[in-house]
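Here the structure comes first, spelled out in structure tokens, and everything after it is commentary.
The values are calculated or read from the model by the stated rules, or taken from the named source; none is laboratory data. Everything numeric here is computed off the predicted structure, so don't read it as measured data. Cβ: placed from backbone, ideal geometry, glycine included. Neighbour counts: every protein chain shown. When the accessible area is computed, the model is the full protein with side chains, heavy atoms only, and any ligands, DNA or RNA have been set aside. Shrake-Rupley method; radii C 1.70, N 1.55, O 1.52, S 1.80 Å.
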Amino acid sequence: MDYAEHVKSSVAKYLAKHLAESNMTINAMAKDMNAKGYLIRPTTLANYFNGSTMVPGSNALMIADYCGTSVDELLGAYVE
């Protein structure tokens, strides 16, 4: 797996875990993020969740901040 695929997969896995732990849907998470000032479209979040789109740095930082984690963890830096 190349680096881009690793990152897309890691973000997708992290979002799936976060959504399950928070008992939220993608739409609910996007709505909550927007209400808290993290401007993101539900379709954008769904693309990251599906692993079909690479998350740019600004969105990675925003998602990590919202989820209370580091960008490193979001991007799978600690996955063996």
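Quick notes on this one:
- Nearest-20 debye value, segment 15-80 charge dipole, Cβ charges on Lys, Arg, Asp, Glu: 320
- Stokes-Einstein D in µm²/s, Kirkwood radius over Cα pairs - the chain at 37 °C with 0.692 mPa s viscosity: 265
- Note on the chain: with neighbouring protein chains present and a 1.4 Å probe, carbon and sulfur make up 53 percent of its accessible heavy-atom surface.
- Over the chain, dividing the summed -39,500 (n - 2.57) contributions of all DSSP H runs of at least 4 residues by the number of residues returns a 222 nm mean residue ellipticity of -20500 deg cm²/dmol.
- Dividing the convex hull volume of the alpha carbon atoms of segment 2-44 by its residue count gives 70 Å³ per residue.
- Across the chain, C-alpha contacts under 8 Å between residues 6 or more apart give a mean separation that, scaled by the residue count, equals a relative contact order of 40 percent.
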